[in-house]
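Below is one structure, written out as structure tokens; the observations come after it.
The values are calculated or read from the model by the stated rules, or taken from the named source; none is laboratory data. Quantities reported herein were computed from a predicted structural model and do not represent experimental measurements. A quick note on method: Cβ atoms are made from the backbone with ideal geometry, for glycine too, and the neighbour counts reach across all protein chains shown. Just the protein is used for accessible areas: all its heavy atoms, side chains included, with ligands, DNA and RNA removed. Shrake-Rupley method; radii C 1.70, N 1.55, O 1.52, S 1.80 Å.
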Amino acid sequence: MPYLNITEVESAVTSLATAYPGLAELITLPEPSFEGRTAHALRIGAPAPIPKKCVMLIGGVHAREWGSCEVLVHFAADLLEAYRNGTGLGYGGSVFTADQVQHLLRRLDLVVYPLVNPDGRLYSQTVKSMWRKNRNPANAGGSPNPACIGVDLNRNYDFLFDFATAFDPHADPQVSADPCDEMVYCGPTAFSEPETRNVRWLLDQHPRTGWFVDVHSYAQDMLYNWGDDDNQSVDPDMNFRNHQFDGKRGLPGDLAYSEYIPKGDEDTARLLAEAFCQGVYGVRGVPYKPMTGFHLYPTSGTSDDYVYARHYTDPDRGKVLGFTVEWGNDAAHSPNPFHPPWAEMERIVLDVDAGLVQFCLAVT
Ligand SMILES: [Zn+2]
């Protein structure tokens, strides 16, 4: 089976809702993409007498990272089938019992949104395979340069969006304010794009979300907060809201700035990232590394930091720990590690889905 095209991803999502009434519910995202496509997500969980905490998982954000959609479609399908049949789940050497599957869907709601950026995926699968952004032409300024189309959705969230002010001039955050940057253009304003507004809407609709996972490639990592600087747990005033530290963020290993995270949150985030990596490793021994986003490279405007930042910027909101999976590596998957040959991607799907099940079990 080759990679799913955008119609097939959507039909997989809607078919699961139809096949599992009472267990899976279809969510229609409110904002169509620039090219007019309406996206869907699934809410999965067994009926429960009290409201449950929620794990939200999104994918298909970066257009070329094709397998993220398959990771999430199979994750949803596997759990639904095992729950209804009363069976366990086996991914290579990572095995989950029927009791664990029942426990997971009785204790948690899962919101699974496999294809955030349908326009980008279509363009990547039919025109330019390395395409990463969405397909919004609004910021191109009439330029004929095809690179000037689109926004990097994972730089468009409201977290240190004004990176030129927030970061040290010598820092190198992987973000650009140039619309013709083909990779990491952040957009004119935070949440300028319908795709990121859909993710924000989904979070607003699910205030009991405690954990958020954005599935990307590639690096074989499980990233947790923060992504803008090193973590520190001693000075709560040294934080992303404090303008006193503008111009100081983003340098590794310095004393001028590190991002505050309470020790308990960092310990929990690390344990959950480790649980994910253990689940992956059990399948066939592929080592994924738990680390903060900053240790991959400094960023602003990413989903994982935005979701965790929300309870600081608005104390009425619940706390959401943010994670980013980076599946796959560049060694074995030439010519393109963002969409390896399907036979290898099938194995990666098993790796990552085992990691996600282990992650969800670890939060219950
Ligand atoms: Zn990505």
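Tabulated results
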read-out	value
Set Gly253, Gly227: member being in a loop (DSSP other than H, G, I, E, B), within 16 Å of the ligand (Cβ to nearest atom) and of a type in the set (Gly, Ala, Ser)	Gly227
Tally of residues being touching a residue at least 40 places away in the same chain (Cβ under 8 Å) and under 20 Å from Arg347 (Cβ atoms) across region 67-94	18
Test result for Tyr308, open to solvent by 20 Å² or more (accessible area, probe 1.4 Å), at pLDDT 95 or above, within 26 Å of Ser176 (Cα to Cα) and away from the ligand (no atom under 16 Å from the Cβ)	no
Residue list for region 321-331, filter: open to solvent by 10 Å² or more (accessible area, probe 1.4 Å), of a type outside the set (Asp, Glu) and either within 11 Å of the ligand (Cβ to nearest atom) or more than 17 Å from Met291 (Cα to Cα) (or both)	Ala331
Looking only at region 150-181, and only at residues there that are in contact (Cβ under 8 Å) with a residue 60 or more places away in the chain and among the polar types (S, T, N, Q), the one that is surrounded by the most Cβ atoms within 10 Å (Cβ to Cβ)	Asn156
Any hit, region 63-85, residues being open to solvent by 10 Å² or more (accessible area, probe 1.4 Å) and within 16 Å of the ligand (Cβ to nearest atom)	yes
Residues located in region 197-218, provided they are open to solvent by 30 Å² or more (accessible area, probe 1.4 Å) and either part of a loop (DSSP other than H, G, I, E, B) or not acidic (Asp, Glu) (or both)	Arg197, Arg200, Trp201, Gln205, Pro207, Arg208, Trp211, Tyr218
Residue identified as modelled with pLDDT of 95 or more and within 16 Å of the ligand (Cβ to nearest atom) among Ser94, Ser124	Ser124
When residues of region 40-62 are limited to those that are farther than 17 Å from Ala362 by Cα and part of a strand (DSSP E or B), the one most open to solvent (accessible area, probe 1.4 Å)	Arg43
Matching residues in region 11-39 - criterion: being outside any loop (DSSP other than H, G, I, E, B) and surrounded by 19 or more Cβ atoms within 10 Å (Cβ to Cβ)	Ala12, Val13, Leu16, Ala17, Ala24, Ile27
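Quick grid of which residues meet (1) of a type outside the set (S, T, N, Q); (2) assigned to a helix (DSSP H, G or I); (3) over 23 Å from Ser217 (Cβ atoms):
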site	(1), (2), (3)
Arg106	yes, yes, yes
Leu110	yes, no, no
Val116	yes, no, no
Ser129	no, no, no
Pro137	yes, no, yes
Tyr157	yes, no, no
Leu160	yes, no, yes
Ala164	yes, yes, yes
Asp172	yes, no, no
